[in-house]
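The values are calculated or read from the model by the stated rules, or taken from the named source; none is laboratory data. Note that the coordinates shown come from a computational prediction; the quantities given were computed from them, not determined experimentally. FYI the Cβ positions are ideal-geometry reconstructions off the backbone, even for glycines, and counts take in every protein chain you see. Note: accessible area is taken over every heavy atom of the protein model, side chains too, but ligands, DNA and RNA are not part of it. Shrake-Rupley method; radii C 1.70, N 1.55, O 1.52, S 1.80 Å.
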Amino acid sequence: MVSSSVNVLLLPEPGSGHLMSLIEAGKRLLGSQGADSSSSSPLTVTVLVPHAATAESASEVDAHVRRVEASSGVTSMRFHRLPAVAPPTECAGNPQEFKSRYMELQKPHVASTARELGAAAIVVDFFATTVLDVARELGVPAYVYFTSTAGLLALSLRLPALDAEVGVDFEALEGTVVDVPGLPPVPAGPALPGFMARKGSPNYAWFVYHGKRFMDFDGIIINTVAELEPGLLSAIAEGKCVPGRAAPPVYPIGPVVDLGGAKEAPPSSSHECVAWLDAQPAASVVFLCFGSLGWFDAAKAREVAVGLERSGHRFLWVLRGPPAPGSLSPHPTDGDLDALLPEGFLDRTRDRGLVWPKWAPQKAVLAHPAVGGFVTHCGWNSTLESLWHGVPLAPWPLYAEQHLNAFELVSCMGVAVAMEVDRKRDNFVEAAELERAVRSLMGGESEEGRKARDKAKEMRDACRKAVEESGSSHAALQRLRDAIRRGAAA
Ligand SMILES: COc1cc(-c2[o+]c3cc(O)cc([O-])c3cc2O[C@@H]2O[C@H](CO)[C@H](O)[C@H](O)[C@H]2O)cc(OC)c1O
Ligand SMILES: O=c1ccn([C@@H]2O[C@H](COP(=O)(O)OP(=O)(O)O)[C@@H](O)[C@H]2O)c(=O)[nH]1
């Protein structure tokens, strides 16, 4: 007998990156609900879509929601738009504070919607840990969805204690290391996330707050793969991050990336970048792309150009320019190549390079057999997309938690060659250093490069196996569904 459905509410942060990741996670939750799904209650998912704070963000969110609504096959996922709230004021320049306070303002709407729709569980974005109060008030189990690494999760869980142990600002710890269970000693200067620099900053305070609250959830769903971060996941599960308290169960269900049609073969050469790659030999092209917010000024672009030219390798370089002057949007503009690149660079490299000034079809590029290496800002989605295709990396972190990701990619996972990024000079990389890293990554004599290439292939296989039936992420999803059903029954 099929019993009534179990409705899981998802509360994303209304920015396209986090929203898309949580919706994709919701699809996985609905996925194949297990051999016993005909006899147990089927899960349904309702995404609570907060009204985005800016017009630009609202239109991105709306477009994405419409695409998912229209796509066939996602029949048990519904979307419920939450009413607009007045955005918090006085947080300019403090994105973590803004996002955290904005999510806190959703609480009354989440509470009334959960009552109206009936919720068996609530899953919230990691900027929305305040919404745990609503779940507790209603007696509904609550899960947090963590869009980044187990490394950042371990650091977040450890941070409240670390905050008490360390009496100075973290930026004053230059030259020392920080202990995070599951990671080798973390060099404070190069590797800690930027928002940890000053204890007085509201972003830091929110990071400590979220770290505390993660411990109170019924479970933490994380976009990683057990085989990518085994030591970190064990350290968290063994309670090493918060001694004396059992951590909530952690469900590594990754890689949660929407691979669309790009899973195996690249799509037809409809995009100029892909058409260009079609004409290049296998594993011969280094791809450079820096996420949704990465951009370069002429000084940085010059170093890249010189480094690429001297490396002799083929390249596909996504070069974006600064956000529009006067605009509130942090998004880069299309790169003005004449202004950004050294004289004659495009002519000299015409036969072996393409500089693309706009948003690029990154997933299709990484899926292309011509791509042999990826110079990346180390955004976690970009990293997972690269590893899904077995492409080794050279890290050039820029913002958010990316410096910690870069450290982990080199020092723990071994899928990246190290590249020296001068954080004190706004993440500047010298041409000679880029040239060295690209040569190593793309098949020079270096042992480091060979190891990164081998390890990336190994991780590709591990990621693909993880999502198969009997794989670790598949099993974690099944444990999560069981826990949600048990919670609903209770
Ligand atoms: C992981 O720590 C931080 C992440 C972010 C952050 O926030 C964010 C919010 C949105 O509404 C849309 C986004 O696209 C977005 C992206 C983002 O940073 C990236 O998040 C990715 C995961 O989805 C991934 O982890 C990348 O590495 C991040 O660059 C912001 C932040 O502080 C401001 C964080 O500490
Ligand atoms: O030109 C670009 C830049 C980025 N991306 C996509 O944007 C996402 C970036 O997410 P990530 O977590 O790497 O970094 P963020 O932009 O959130 O910092 C990834 O899915 C990329 O494939 C893309 O398709 N084209």
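A compact table of results
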{"quantity": "Carbon plus sulfur fraction of accessible area for the range 272-465, probe 1.4 Å, in percent", "calculated": "52"}
{"quantity": "Volume per residue that the Cα convex hull of the range 367-490 spans, once the total is divided by residue count, Å³", "calculated": "126"}
{"quantity": "Check: the chain dipole with +1 on Lys, Arg Cβ and -1 on Asp, Glu Cβ, in debye", "calculated": "920"}
{"quantity": "Listed residues VAL250, VAL274 arranged by accessible area, highest first, probe 1.4 Å", "calculated": "VAL250, VAL274"}
{"quantity": "Residue-averaged 222 nm ellipticity for the chain, from DSSP H runs of 4+ at -39500 (n - 2.57), nearest 500", "calculated": "-12000 deg cm²/dmol"}
{"quantity": "Protection proxy ranking of 279-285, 307-313 - average other beta-carbon atoms within 10 Å, highest first", "calculated": "307-313, 279-285"}
{"quantity": "Of ALA324, ALA299, VAL140, farthest towards positive along the dipole that unit charges on Lys, Arg, Asp, Glu beta carbons give the chain", "calculated": "VAL140"}
{"quantity": "Cα-centre dipole for the range 162-261 with unit charges at Cβ (Lys and Arg positive, Asp and Glu negative), debye to 20", "calculated": "220"}
{"quantity": "Evaluated at q = 0.11, 0.13, 0.15, 0.18 Å⁻¹: base-10 log I(q)/I(0), Debye formula over Cα of the range 272-465", "calculated": "-0.44, -0.62, -0.85, -1.27"}
{"quantity": "Surrounding net charge for MET103, when Lys and Arg each add one and Asp and Glu each subtract one, Cβ distance under 9 Å", "calculated": "0"}
{"quantity": "The range 387-437 and the range 82-98: distance between their alpha carbon centers, rounded to Å", "calculated": "31"}
{"quantity": "Assigned charges on the beta-carbon of Lys, Arg, Asp, Glu; the range 272-465 dipole about Cα centre (debye)", "calculated": "480"}
{"quantity": "Inter-centroid distance (Cα atoms) of the range 169-230 relative to the range 439-490, Å", "calculated": "22"}
{"quantity": "Solution diffusion estimate, µm²/s, Stokes-Einstein, the range 69-127, Kirkwood Rh from C-alpha pairs, 37 °C, viscosity 0.692 mPa s", "calculated": "239"}
{"quantity": "Cα-based convex hull, the chain, per residue volume (Å³, whole number)", "calculated": "145"}
{"quantity": "Relative contact order (%) - criterion: Cα under 8 Å, at least six apart; region: the range 83-197", "calculated": "16"}
{"quantity": "Among LEU337, GLY379, PRO369 - extreme Cα towards positive end, dipole of the range 327-400, charges at beta-carbon", "calculated": "PRO369"}
{"quantity": "Rg/Rg_ref, the range 211-263, where Rg_ref = 2.2 N^0.38 Å and atoms are Cα", "calculated": "1.33"}
{"quantity": "Pairs of Cα atoms farther than 17 Å apart, the range 316-382, %", "calculated": "53"}
{"quantity": "Straight-distance crosslink candidates among lysines, where the alpha carbon sits under 28 Å from LYS107 and sequence neighbours closer than 8 are dropped", "calculated": "LYS27, LYS99, LYS199, LYS212"}
{"quantity": "For LYS465, solvent-accessible area (1.4 Å; no DNA, RNA or ligand), Å²", "calculated": "140"}
{"quantity": "Residue order for SER472, SER148 - accessible surface, 1.4 angstrom probe, largest first", "calculated": "SER472, SER148"}
{"quantity": "Positive-end residue, the chain charge dipole about Cα centroid, Cβ charges, pick of ALA164, CYS91, HIS389", "calculated": "HIS389"}
{"quantity": "Mean Cβ neighbour count within 10 Å, used as a protection proxy, ranking 82-88, 427-433 highest first", "calculated": "427-433, 82-88"}
